[in-house]
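Below: one structure, written as structure tokens.
The values are calculated or read from the model by the stated rules, or taken from the named source; none is laboratory data. Bear in mind that the values here come from a model prediction, so they are computed numbers and not experimental data. Here the Cβ positions follow ideal geometry from the backbone for every residue, glycine too, while neighbour counts run over all protein chains shown. Ligands, DNA and RNA are stripped out before the accessible areas are found, and what is left, the full protein with its side chains, is counted by its heavy atoms. Shrake-Rupley method; radii C 1.70, N 1.55, O 1.52, S 1.80 Å.
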Amino acid sequence: MQIGLVGLQFSGKTTLFHTLSTTSSHAQAQKEEASIEIVKIPDERLDKLTSIFNPKKQVNATIEVFDIPGLRMSEDNKVKITSAFLSSVRNNDALFYIIRSFTDDSVPHPMNSINPLRDIEFLETEFLLSDLAFLENRMEKIKKEILKSKDDKLKREMPLIEKCYAHCEKELPLRTLHIDENDLKLLSGYQLLTLKPLAIAINYDEDSIQNVDSMIEDVKSKIGKSGAVVIPFFAKIELELSKLSIEDQSAFMQDYGIKESALSKILRTSYDLLGLQSFFTVGEDECRAWTIKKNFNAQQAAGVIHTDFFNRFIRAEVVGNDDFIKHGSFNKCKEAGSWRLEGKEYIVKDGDILNIRHN
Ligand SMILES: Nc1nc2c(ncn2[C@@H]2O[C@H](COP(=O)(O)OP(=O)(O)OP(=O)(O)O)[C@@H](O)[C@H]2O)c(=O)[nH]1
Ligand SMILES: [Mg+2]
């Protein structure tokens, strides 16, 4: 799974990116090309399991974060969308608009003034236009092909594309259109931009921390039907905080009045947007978090570990997270009556500890 940080130039994307990364050096902050970081997802539940098993290694779930250089002012003093930019955006499973609200005279804004709502609207409009152009092309193409081909798929696709086009024409992003699962599959290869789950992350000045809740509510009330989640962050101080030890970080966050770090907010929101959850496997070799879709059954979850586990699935031993941490092993959970043997149809719950039986 990959999320993309998208926005205008100098909105704080790379600064935020560096608060997320645990490995890269902060020295490359001004780098201009796009970069991808695999971000380890902190998980207290996994930490607890590791303290029980003391395994050779702990493997956290990860998510890929793509830092895309922002749109800048071109020679005619306008900010223009480029095809290179659009194709970088298309590559992601979910988007985070990184929107500037901080003021700093030494950092120019490509549109020369600070106006978060205008910047959000700019991105939404450009992406909507890109989807409209694609859908229009697709309709033309289907019309031609449908005459030559007996493919039923095209006949199913046409009304769907028309429905999407009509929705976009009303200036509404596709993420606010109800599309059923099968139709989504038909669209999945097209990478429509306004269909991607969206969070709008607004980069505020540190002196806004106390009023940020009402500022966010204000933005939410003005962006209308965007179907987006809106979250605040404070790139500049959070970058400073991210260099401190975990203990110092929480002390400083308390001092500043920051309730949750940008890292934690971004990861939590990504999981929500993408409909993801975790399950765990445990043992003396490794304790590990795995990422699955929310409605995955036991067999699908097994397939994430290994395709053989999917094909040769027999049963899954399952213990809920709290129960496992309370009792500390599958055997003790058995004695306590909280161990279950489930078939392939079992819908895995967030935090479940699984042991897959296969032949
Ligand atoms: N005062 C202040 N400066 C910030 C903040 N966030 C970022 N900056 C500064 O703004 C400049 C641009 O930040 P970047 O994070 O590189 O911006 P970007 O969005 O990655 O820019 P592009 O990659 O060019 O699109 C840097 O000098 C940052 O130090 C902030 O919250 N407050
Ligand atoms: Mg950057």
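In a DSSP loop and with at most 16 other Cβ atoms within 10 Å, the trypsin sites (Lys or Arg not before Pro) in the range 111-185 are 150, 170.
Within the chain, the proportion of C-alpha pairs whose separation exceeds 30 Å stands at 48%.
In whole percent, and with a 1.4 Å probe on the protein chains, what portion of the accessible area of the chain is carbon and sulfur? Taking all protein chains in place, the chain shows 49 percent carbon and sulfur surface. With every protein chain in place and a 1.4 angstrom probe, the accessible-area ranking of 245, 130, largest first, reads 245, 130. Rg/Rh for the range 216-268 stands at 1.08; both radii use Cα atoms, and Rh follows the Kirkwood definition.
Label the range 283-343 by shape, choosing from rounded, prolate and oblate, from the square roots a ≥ b ≥ c of the eigenvalues of the Cα gyration tensor; if a/c is under 1.5 it is rounded, and otherwise prolate applies when a/b is larger than b/c, oblate when it is not.
prolate
Between residue 231 and 200, 201, 202, the built amide H atoms are under 5 Å apart, and every one of these is 5 or more places off in sequence or on another chain. Only helices enter this figure: runs of n ≥ 4 DSSP H residues, each worth -39500 (n - 2.57), summed and divided by the residues of the chain, yield -13000 deg cm²/dmol at 222 nm to the nearest 500.
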